[in-house]
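Single-structure report; data block below.
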Amino acid sequence: MGGALLEGWFRHGLSPVDVMVVEPAGRAMVLPAVDHPALVVLENERQIPTDFKPDVVVFAVKPQVLEQVIPHYRKFDSAGSLFLSIVAGKPISAYTSVLGEKAAVVRAMPNTPAAVSRGVSVLFAAPTVAPSQKRVCTVLLGSVGEVAWIDDEEFMDAVTAVSGSGPAYVFLLAECLAEAGKRAGLPPDLAESLGRLTVSGAGVLMDSSEESASELRRNVTSPGGTTQAALEVLMGNDALESLLSEAVTAAVRKSRELAG
Ligand SMILES: NC(=O)c1ccc[n+]([C@@H]2O[C@H](COP(=O)([O-])OP(=O)(O)OC[C@H]3O[C@@H](n4cnc5c(N)ncnc54)[C@H](OP(=O)(O)O)[C@@H]3O)[C@@H](O)[C@H]2O)c1
């Protein structure tokens, strides 16, 4: 996810000269799309030059390692750095308890379509974050998609479950559609490309339309036709809606567990 953001930032004019990446697995793990000769890649935090004063420190590690990572960046609080985290589950207090209560911390939840500048990011700021620092976050996350700020951190778990994890649900829909096509007798290659192209095409159509998702659905549903027959299965007893609601509830629960 960190690589996807960096890719978007470079595309929008951030210079590799102005970025330092810490990646334990080294340069080999840096996405080819962002690997520029001028980009400094360090294998651990101790290699960060002592006089380095970053405007923004971005945390893009797994929640499970965050606790070990944050203390290495404490010195940047006195340098006036803004801390921007995309780590799922971890509340602002997980950062301020180590970096100091006055640390300027913004929690963001982007999603992977950021890699193609079609992400959506929801952001929450600690009260210590200045309006100018919020604008920096809006520019950074806005360069890879849409941005929405929330003023209640409680929403972050549900945001994570809906848009952070959401692209995986949509990819699963493409897989299931392909599987169903195979069971209906289609050759596997054809079923897979129909699943993929139908989901991506419907996404582009929705993106280019002013109509709501339900209006678009009704537009392709002739009364008594084939689509209606299928939708009666998916929508009868709110079947798909209940299943998705159960899935989102499980993701919300996991996000709360990750808070530690
Ligand atoms: N993937 C998504 O769709 C998505 C969406 C929204 C938010 N997020 C959040 O983004 C974060 C990263 O997720 P991901 O899916 O991108 O995971 P990932 O692919 O495992 O990326 C995490 C990266 O952090 C590196 N790392 C480990 N320890 C480090 C350290 N001490 N200093 C610097 N880097 C270190 C890892 O290197 P090694 O591989 O060498 O350990 C790895 O390259 C997570 O907190 C997740 O909740 C992800």
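Consider the range 11-41 and keep the residues that are surrounded by 17 or more Cβ atoms within 10 Å (Cβ to Cβ) and at pLDDT below 90. The one that is farthest from the ligand (Cβ to nearest atom) is VAL34.
Scanning the range 47-76 for residues that are more than 14 Å from the ligand (Cβ to nearest atom), free of Cβ contacts under 8 Å to residues at least 40 places away in the same chain and of a type in the set (Val, Ile, Thr) yields a total of 1.
Filtering the range 142-154 to residues that are out of contact with any Lys or Arg (no Cβ under 9 Å at 6 or more places or on another chain) and either surrounded by fewer than 14 Cβ atoms within 10 Å (Cβ to Cβ) or more than 22 Å from LEU258 (Cα to Cα) (or both) leaves GLY142, VAL147, ALA148, ASP151, ASP152, GLU154. In the range 1-111, counting only helices (runs of 4 or more DSSP H) that sit wholly within it, the ones holding 2 or more residues that are over 21 Å from SER255 (Cα atoms) span 2-11, 75-78. For the range 160-208, taking the residues that are free of Cβ contacts under 8 Å to residues at least 40 places away in the same chain and of a type in the set (Val, Ile, Thr), the one that is nearest to the ligand (Cβ to nearest atom) is identified as VAL170. Considering GLY3, GLY8, the condition of being near the ligand (Cβ under 8 Å from one of its atoms), under 21 Å from the mean Cα position of the chain (by Cα) and modelled with pLDDT under 95 is satisfied by GLY3 alone.
The values are calculated or read from the model by the stated rules, or taken from the named source; none is laboratory data. Just so it is clear, the model here is predicted, and its values are computed rather than measured. Please note: Cβ atoms are built from the backbone with ideal geometry, for glycine as well, and neighbour counts cover all protein chains shown.
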